[in-house]
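Q: Below is the structure I would like to discuss, written out as structure tokens.
The values are calculated or read from the model by the stated rules, or taken from the named source; none is laboratory data. Here the structure is a predicted model, which means the values were calculated and not measured. Here Cβ is always computed from backbone atoms with ideal geometry, including for glycine, and neighbour counts include all displayed protein chains. For accessibility, only protein heavy atoms count, side chains too; no ligands or nucleic acids. Shrake-Rupley method; radii C 1.70, N 1.55, O 1.52, S 1.80 Å.
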Amino acid sequence: MMGRPRSLVTGAAGFIGSHLSRRLLAEGHEVIGLDGFTDYYPRWLKERNLQPLLSHPAFSFLDADLLRADLEPLIRTVDYVFHQAAQPGVRGSWGKGFEPYVDNNVKATQRLLEAVKEHGEKVKHLVYASSSSVYGNAPELPLHEEVLPRPFSPYGVTKLAAEYLSLLYHENDGLPVTALRYFTVYGPGQRPDMAFHKFLKALFAGEEILIYGDGEQTRDFTYISDAVEANLLALKEVAVGKVFNVGGGSRVTVNAILRLLQEITGVKPRVRYQKAQRGDMRHTTADIRRAREILGFSPKVSLEEGLKREAAWVEETFFQHDGPCHETGGRMEGAPGGGPPPET
Ligand code: NAD
Ligand code: UGA
């Protein structure tokens, strides 16, 4: 009889990785979280994500960089690998910013795949966190998995390269790989560079919201617990070697989001429109039929409910202590308030 499954979550201190780790623990997995604390956003936020995990007896944490760590002893012991670590964010991947994308997305993934090929005798499944950004501005919506990927940002190129790497290790070496293309994930713990997080902080602080372009771009926003659920559903044998869209089923414009946020917070946004950002896709809508049919995936949390939960988290994290906690020059000032992100 198989004992407790042992899972490695890379990027476990990040937004999605920390929620996924918590869920795996709740499902009875032993979880090894690995994270190298890249400086993409402040460390205290990642430490805060980790806080509730560290006290769990079935969780252990490895402060390590996938580019350098000796992965052999780790990979030898695990049954499942959830590869969430990456340099995220579309808009920072230009110019000098490109290097950490190549390192943390392409090279780090290649190193992990090599380690699984060499030492992963026990590994039953590796789930790779891919991205809707692999599609680019496709001629037709909704985006389905057979559409030819044509990334529109350097970030998208690195996420696609790592997705292709994962799949070719499956095809050449039989690695049991599944790729999940997440569509703009949100909820408590969302990264500070992402739209809802920034908008909510600006609303609570009485500051201006910056919209890139005319605000009529659309996204298929996906609530965090739905993205996490897709990872568990992906552990089916039938999912091996396949790519799946993971979308929340709520395609809306950025302008409509502002109206919803006004209803939720009771604060009227002050908005400034500036030019669209290079690399930002105009529209994303996920065709999730494949995930529905093969994995049984069905997003559960509505945009209204999910936004309320994220609003409550932003308010509690950044505004319910001795004054607001602002970002200045890429650093956060002030001690974080409140406890860890609430359960999703
Ligand atoms: P995040 O930045 O919060 O988490 C990623 C974590 O990976 C960070 O804590 C970082 O320190 C760690 N990391 C990066 N490079 C590493 C390395 N070389 N070694 C060890 N640790 C490293 O990002 P997130 O929003 O949680 O995204 C998680 C994954 O999902 C990423 O692969 C991202 O590309 C993908 N994704 C996210 C979204 C979204 O909307 N958040 C959408 C599509 C895809
Ligand atoms: C998100 C993540 O940041 C990427 O890591 C991920 O790979 C991608 O989703 C994906 O789905 O693959 P993005 O859709 O740009 O990327 O997510 P947000 O930062 O939440 O932006 C949503 C929309 O709001 C975009 O159109 C963006 O231009 C706009 N936005 C964002 C603004 O108008 N103002 C801002 O301050 C921030």
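Q: Return the total of residues in the stretch 170-203 being open to solvent by 20 Å² or more (accessible area, probe 1.4 Å) and away from ligand 2 (no atom under 15 Å from the Cβ).
A: Residues flagged as open to solvent by 20 Å² or more (accessible area, probe 1.4 Å) and away from ligand 2 (no atom under 15 Å from the Cβ) within the stretch 170-203 amount to 6.
Residues are listed down the side, and each one gets a yes or a no for (1) surrounded by 24 or more Cβ atoms within 10 Å (Cβ to Cβ); (2) touching a helix residue (DSSP H, G or I) at 6+ places or on another chain (Cβ under 9 Å); (3) of a type in the set (G, A, S):
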site	(1), (2), (3)
G215	no, yes, yes
T218	no, yes, no
Y223	yes, yes, no
A227	yes, yes, yes
L233	no, yes, no
K236	no, yes, no
V240	no, yes, no
V246	yes, yes, no
G249	no, yes, yes
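Residue-by-condition table, conditions (1) more than 16 Å from ligand 1 (Cβ to nearest atom); (2) in contact with a Gly (Cβ under 9 Å, 6 or more places away or on another chain); (3) more than 28 Å from G206 (Cβ to Cβ):
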residue	(1), (2), (3)
L260	yes, no, no
I264	yes, no, no
P269	yes, no, no
Q277	no, yes, no
D280	no, yes, no
H283	no, no, yes
I288	no, yes, yes
A291	no, yes, yes
F297	no, no, yes
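Q: If you scan the stretch 144-156, which residues turn out to be within 11 Å of ligand 2 (Cβ to nearest atom) and either touching a strand residue (DSSP E or B) at 6+ places or on another chain (Cβ under 6 Å) or small (G, A, S) (or both)?
A: Within the stretch 144-156, S153, G156 meet the criteria.
Q: Can you name every residue in the stretch 137-148 that is of a type outside the set (D, E, K, R) and surrounded by fewer than 21 Cβ atoms within 10 Å (Cβ to Cβ)? Reasoning before the result, please.
A: First pass over the stretch 137-148, keeping only residues of a type outside the set (D, E, K, R): 137-139, 141-144, 147-148.
Once the filter is applied, which keeps residues that are of a type outside the set (D, E, K, R) and surrounded by fewer than 21 Cβ atoms within 10 Å (Cβ to Cβ), the stretch 137-148 yields N137, A138, P139, L141, P142, H144, V147, L148.
Q: Restricting to the stretch 24-43, count the residues that are hydrophobic (A, V, I, L, M, F, W, C), open to solvent by 40 Å² or more (accessible area, probe 1.4 Å) and either under 16 Å from F61 (Cβ atoms) or modelled with pLDDT under 95 (or both).
A: Qualifying residue count, the stretch 24-43: 0.
Q: Can you pull out the residues in the stretch 81-122 that are of a type in the set (F, W, Y) and touching a Leu at 6+ places or on another chain (Cβ under 7 Å)? Before the answer, list the steps.
A: Here is the first cut: in the stretch 81-122, the residues of a type in the set (F, W, Y) are 82, 94, 98, 101.
The one that is of a type in the set (F, W, Y) and touching a Leu at 6+ places or on another chain (Cβ under 7 Å): F82.
Q: Also: I'm checking my understanding of the structure. Among residues of the stretch 257-278 that are in contact with a helix residue (DSSP H, G or I) (Cβ under 9 Å, 6 or more places away or on another chain) and part of a helix (DSSP H, G or I), which one is most open to solvent (accessible area, probe 1.4 Å)?
A: E263
Q: Here's another thing I want to ask about it. Residue pairs, Cβ under 7 Å, 6 or more apart or interchain, first in the stretch 157-173 and more than 14 Å from V243 (Cα to Cα), second open to solvent by 30 Å² or more (accessible area, probe 1.4 Å) and not in a helix (DSSP H, G or I). List them.
A: Every condition considered, the pairs that remain are V157/P151.
Q: Here is a follow-up. Select, from T178, T184, the only residue that is among the polar types (S, T, N, Q) and in contact with a Leu (Cβ under 9 Å, 6 or more places away or on another chain). Step through it out loud before you land on a result.
A: On the way: T184 fails: in contact with a Leu (Cβ under 9 Å, 6 or more places away or on another chain).
Among T178, T184, only T178 is among the polar types (S, T, N, Q) and in contact with a Leu (Cβ under 9 Å, 6 or more places away or on another chain).
Q: Under 8 Å between Cβ atoms, which residue pairs at least 6 apart in sequence (or on different chains) link something in the stretch 178-198 that is closer than 14 Å to N49 by Cβ with a partner that is of a type in the set (D, E, K, R) and within 6 Å of ligand 2 (Cβ to nearest atom)?
A: P192/K198
Q: Ok, one more. Residues being under 23 Å from the mean Cα position of the chain (by Cα) and either at pLDDT below 95 or outside any loop (DSSP other than H, G, I, E, B) (or both): count how many of those fall in the stretch 118-140.
A: Filtering the stretch 118-140 down to residues under 23 Å from the mean Cα position of the chain (by Cα) leaves 123-138.
Next, from what is left, pick out any that are either at pLDDT below 95 or outside any loop (DSSP other than H, G, I, E, B) (or both): 125-134, 138.
Going through the stretch 118-140 one residue at a time, the tally reaches 11.
Q: Of the residues E99, E121, which single one is surrounded by fewer than 16 Cβ atoms within 10 Å (Cβ to Cβ) and farther than 22 Å from T178 by Cα? Show your work before the answer.
A: Working: E121 fails: farther than 22 Å from T178 by Cα.
When all the criteria are applied, what remains is E99.
Q: Something else about it: What number of residues in the stretch 279-319 are open to solvent by 10 Å² or more (accessible area, probe 1.4 Å) and under 17 Å from E146 (Cβ atoms)?
A: The qualifying residues number 9.
Q: Looking at the structure I just gave you, is N105 under 18 Å from Y128 (Cα atoms) and buried (at least 22 other Cβ atoms within 10 Å of the Cβ)?
A: Numbers: under 18 Å from Y128 (Cα atoms): yes; buried (at least 22 other Cβ atoms within 10 Å of the Cβ): yes.
So N105 passes the test.
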